[in-house]
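Chemist: Before we start, here is the structure in question, set down as C-alpha cells.
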Amino acid sequence: MRFILFIFLIFASQPCFSQTVDDGYKAYDAEEYEKAKAIIIPLAEKNDPKAMNAMGVFYSEGKAFEKNRQKACDWYEKAANANYPAAQNNLAACFGLSGGRPTNGAQAYKWYLKAAEAGNKSSQNALMKHFIDRDRKKSIYWGKKAAAQGNAAAKVSLWMLNEHERPTASEILCVFTKVYIFKQSTNACDD
C-alpha cells in the first residue's frame with residue numbers, strides 16, 4: 001500500500017500538462033527570459049521545429065541570449081529543414097541583408113519560395129517585392145496572397161500599383177511609418 005501511495009505522489013507532483021512553445025513565447029514577451037529558455041531549450045533539443053525557430057528568434061533579438069545572428073541562422077536552418085514556414089522565411093533573411101550567412105540571393109529566393117508556397121505571408125510579401133521590377137504578374141500574385149492573409153504592407157503596395165482596393169487609413173499610416181520609415185517587419189501592421 002505504501003508503494004502505491006508513493007507512486008501516486010510522484011505522478012501527482014508532476015505538472016498536469018507539458019509546457020509548449022507558446023508558453024515559452026508568453027514568458028519571453030513578459031521579459032521572463034530564463035523561464036522562456038527553460039521551456040524552449042528542451043523542446044528545441046527534441047527537434048520541435050517551432051521551438052528551434054524560437055531559439056533563432058532569441059539569438060537574433062539578443063534578449064534571452066547574447067545577440068548572435070550566426071547562431072540564430074543555425075537554429076532557423078534546423079527548423080527550416082523540418083519544413084517550418086516561419087523558419088524558412090527567417091532563414092531566407094539570413095541569406096539576404098539580415099546577416100548570419102554569406103549573402104546569397106539564390107538561397108534567399110529558395111527559402112522565401114518554400115515558405116511562401118506553404119502560406120507564410122512575410123515570404124509572400126518578400127516575393128512580391130522581389131518580382132516588382134522583374135515580373136509584375138508574379139509580383140501581384142504573391143502580393144494578393146499576402147494581402148488575403150491580412151498583410152498590410154502587401155495591401156498598401158498593391159493599392160499603389162492599382163491592384164487592390166484602398167487600405168484603411170490606419171493601415172496606410174502604419175505601413176509608411178513602421179515599415180518604410182522605421183524599417184520594422186512587414187508584419188508590424190497586420191490584422
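The values are calculated or read from the model by the stated rules, or taken from the named source; none is laboratory data. Predicted, not measured: the structure shown is a model, and the values here were computed from it. A quick note on method: Cβ atoms are made from the backbone with ideal geometry, for glycine too, and the neighbour counts reach across all protein chains shown.
Chemist: With respect to Gly56, is the statement that it is surrounded by fewer than 24 Cβ atoms within 10 Å (Cβ to Cβ) and more than 26 Å from Lys155 (Cα to Cα) true? Break it down stepwise before answering.
Modeler: Working: surrounded by fewer than 24 Cβ atoms within 10 Å (Cβ to Cβ): no; more than 26 Å from Lys155 (Cα to Cα): yes.
Taking the combined requirement at face value, the residue does not satisfy it.
Chemist: Moving on. Can you find a residue that is under 17 Å from Phe95 (Cβ atoms), without any contact (Cβ under 8 Å) to a residue 40 or more places away in the chain and in a helix (DSSP H, G or I) anywhere in the stretch 32-43?
Modeler: Looking only at the stretch 32-43, we keep the residues that are under 17 Å from Phe95 (Cβ atoms), and these are none.
So far as the stretch 32-43 goes, no, none of its residues is under 17 Å from Phe95 (Cβ atoms), without any contact (Cβ under 8 Å) to a residue 40 or more places away in the chain and in a helix (DSSP H, G or I).
Chemist: Moving to a separate point now. Could you list, ordered by first residue, the pairs with Cβ atoms under 7 Å in which the first is in the stretch 171-191 and under 18 Å from Tyr112 (Cβ atoms) and the second is at pLDDT 85 or above and among the hydrophobic types (A, V, I, L, M, F, W, C), at least 6 apart or interchain?
Modeler: Val179/Ala153; Thr186/Ala153; Asp190/Ala152
Chemist: Taking the conditions exactly as written (touching a helix residue (DSSP H, G or I) at 6+ places or on another chain (Cβ under 7 Å) and surrounded by 24 or more Cβ atoms within 10 Å (Cβ to Cβ)), does Ala108 satisfy them or not? I'd like the intermediate steps shown before the answer.
Modeler: Working: touching a helix residue (DSSP H, G or I) at 6+ places or on another chain (Cβ under 7 Å): yes; surrounded by 24 or more Cβ atoms within 10 Å (Cβ to Cβ): no.
In short, no.
Chemist: Restricting to the stretch 117-134, name every residue that is in a loop (DSSP other than H, G, I, E, B) and surrounded by fewer than 21 Cβ atoms within 10 Å (Cβ to Cβ). Talk me through it step by step, then tell me what you get.
Modeler: Our first condition is that a residue be in a loop (DSSP other than H, G, I, E, B); within the stretch 117-134, this holds for 118-120, 132-134.
Across the stretch 117-134, the qualifying residues are Ala118, Gly119, Ile132, Asp133, Arg134.
For every residue, the table says whether it meets (1) of a type in the set (Gly, Ala, Ser); (2) in contact (Cβ under 8 Å) with a residue 24 or more places away in the chain.
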{"residue": "Glu45", "(1), (2)": "no, no"}
{"residue": "Ala54", "(1), (2)": "yes, yes"}
{"residue": "Val57", "(1), (2)": "no, yes"}
{"residue": "Ser60", "(1), (2)": "yes, yes"}
{"residue": "Trp75", "(1), (2)": "no, yes"}
{"residue": "Asn81", "(1), (2)": "no, no"}
{"residue": "Pro85", "(1), (2)": "no, yes"}
{"residue": "Gly99", "(1), (2)": "yes, yes"}
{"residue": "Thr103", "(1), (2)": "no, no"}
